[in-house]
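Okay, structure first, notes after.
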Protein chains: 2
Amino acid sequence: MARKTGSHSEITGPKVREAALSLFAQHGFAAVSMRQIAAEVGVQAGALYLYTKDKQSLLYDLMQAHMDELLAAWRDEPKGNDALSRLEAFARFHIRFHLERPDAVFIAYMELRNLSDENFANVETLRRRYESELEAILRAGQAEGVITAPDVRLTTMALIAMLTGVNTWYREGGRLSRDAVADIYWDMVRGAVGA
Amino acid sequence: MARKTGSHSEITGPKVREAALSLFAQHGFAAVSMRQIAAEVGVQAGALYLYTKDKQSLLYDLMQAHMDELLAAWRDEPKGNDALSRLEAFARFHIRFHLERPDAVFIAYMELRNLSDENFANVETLRRRYESELEAILRAGQAEGVITAPDVRLTTMALIAMLTGVNTWYREGGRLSRDAVADIYWDMVRGAVGA
DNA sequence: GTCTATATGCTGATAGAC
DNA sequence: GTCTATCAGCATATAGAC
């Protein structure tokens with residue numbers, strides 16, 4: 001049965017990652033100390049090293065987990081067959097997924113330069129894999145003749161920047177619901193690709 | 001005439017700001033030490049405090065100067081009279097101005113959380129002033145009946161995010177010239193607002 | 001105007017007691 | 001599994017010599 005002292009590894013591990021996520025998003029990776037993370041979890045600084053090799057791994061694990069979840073969630077998202085309904089599915093999915101985890105999104109964009117070279121390359125690979133999902137939809141749309149994109153790669157980057165931008169201003173309980181925002185953004189996406 | 005030793009304040013001051021700009025953009029404000037900045041300038045750390053009150057002021061001065069330049073440059077930019085040509089002028093201006101100073105743009109977006117409360121509020125005021133320039137154009141376009149924007153504030157944020165996003169992928173000497181990029185983005189902006 | 005030297009405090013990470 | 005204690009190093013900022 002339950003032990004009285006010490007062993008909380010199944011609880012403490014996730015708590016460490018949650019605390020790091022929140023603190024990194026608020027103050028930035030470089031500005032957060034291991035002691036701050038430990039205090040947030042309710043342990044001493046030394047105890048963190050039972051759950052992470054070092055501070056760098058803590059950051060990398062958060063970013064990799066985020067990108068893995070993103071790719072898996074899009075893989076499992078219901079999508080239509082034609083390019084236009086796939087594009088709509090992507091736009092709505094991207095907004096929803098990103099609004100659901102603002103801290104992880106913020107870190108994934110802001111802390112890339114604090115990754116080691118190897119870790120950076122791995123995260124970049126995952127990011128490009130996600131971008132290429134949208135790119136493929138746009139190419140299909142062009143082949144079907146339902147959209148206009150003079151440069152698919154460039155349109156991909158423009159649309160992702162526009163959609164991700166929602167995170168910078170959206171506030172829960174604000175003027176517009178998430179669905180209302182997604183409706184308007186989908187209209188703008190459609191217009192931007194001439195559909 | 002020219003003194004032999006010491007007095008280089010007219011040179012060193014700007015050099016300090018240039019070095020800080022470059023290093024903050026590369027590694028992040030919190031990760032850069034005053035010693036690193038001093039080394040880049042070619043002086044000892046203590047000498048920096050002749051040119052800045054402290055590290056925080058160094059960051060704030062860079063961001064404020066950037067926003068001031070942005071607003072002044074847009075004010076002086078030639079613009080048409082009708083809303084549609086003003087919108088085109090804004091889109092092309094925004095891309096050009098931001099591509100010309102990637103480091104300052106990067107810092108202005110990434111280091112907001114490292115500003116003191118008061119400094120943050122000041123920078124935010126300037127940023128909103130710039131956003132409201134685009135907002136006014138969109139409202140005029142609606143009044144003229146040449147664009148469709150179900151929510152002007154939201155469209156403002158979407159367009160700015162899309163346009164600023166160019167900085168994340170554009171590389172000098174790449175596949176497309178700045179003008180070619182601006183042409184394509186202007187098409188997307190026009191489509192997004194149904195013009 | 002710039003230097004050296006220094007005060008004071010926090011950093012990441014480890015060793016060993018319990 | 002967590003704690004305390006500690007190491008070695010670097011941080012910002014200042015004081016005073018030149």
Discussion item. Please compute, for peptide B:10-19, the average count of beta-carbon atoms on other protein chains lying within 10 Å of each residue's beta-carbon.
Written reply: 0
Practice prompt. One decimal, nm, shortest first: give the distances between the label point of B:T168 and those of the same position in the other copies, each label point 7 Å from Cα along Cα→Cβ.
Written response: 1.0
Worksheet item: Which helices, taking whole DSSP H runs in chain A, have alpha carbons extending 30 angstrom or more along the helix axis plus mean Kyte-Doolittle at least -0.5?
Response: A:55-76
Discussion item. Taking R0 as 25 Å, what FRET efficiency do you get between B:A195 and B:L99 from their Cβ-Cβ distance, rounded to the nearest 0.05?
Written reply: 0.55
Worksheet item: How far apart, in nm, are the 7 Å Cα→Cβ label points at B:H27 and B:L176?
Response: 3.5
Worksheet item: Pick from B:H94, B:H27, B:H66: which is most flexible by mean-square fluctuation in a GNM of chain B where alpha carbon atoms under 10 Å apart are linked?
Response: B:H27
Worksheet, complete the sentence: The FRET efficiency for B:R113 and B:E77, from their Cβ-Cβ distance with R0 = 41 Å and rounded to 0.05, is 0.85
Worksheet item: If you count, for each residue, the other Cβ atoms within 10 Å and average over each peptide, how do A:107-117, B:185-195 line up from highest to lowest?
Response: B:185-195, A:107-117
Fill in: Per-copy distances of the B:T148 label point, shortest first, in nm (7 angstrom along Cα→Cβ)
1.5
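What's the average, rounded to a whole number, of partner chain beta-carbon atoms within 10 Å of each residue's beta-carbon in A:182-189?
5
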Worksheet, complete the sentence: Distance in Å, no decimals, from the C-alpha centre of the range B:106-151 to the one of the range B:4-72 is 27
Worksheet entry | Helix-only mean residue ellipticity at 222 nm for chain A, each DSSP H run of n ≥ 4 adding -39500 (n - 2.57), per residue, nearest 500 | -23000 deg cm²/dmol
Worksheet entry | For B:G13, label point 7 Å along C-beta direction: distances to other copies, nm | 5.7
Worksheet item: Which of the aspartates and glutamates could a cross-linker span from A:K15 if the Cα-Cα distance has to be under 20 Å and same-chain partners fewer than 8 positions apart are dropped?
Response: A:E40, A:D54, A:D61, A:D68, A:E69, A:E100, A:D103
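Readers should treat all values here as calculations from the given coordinates under stated rules, not as data from a laboratory. Everything numeric in this text was worked out from a predicted model, so none of it was measured. Virtual Cβ from ideal backbone geometry, glycine too; neighbours counted across all protein chains shown.
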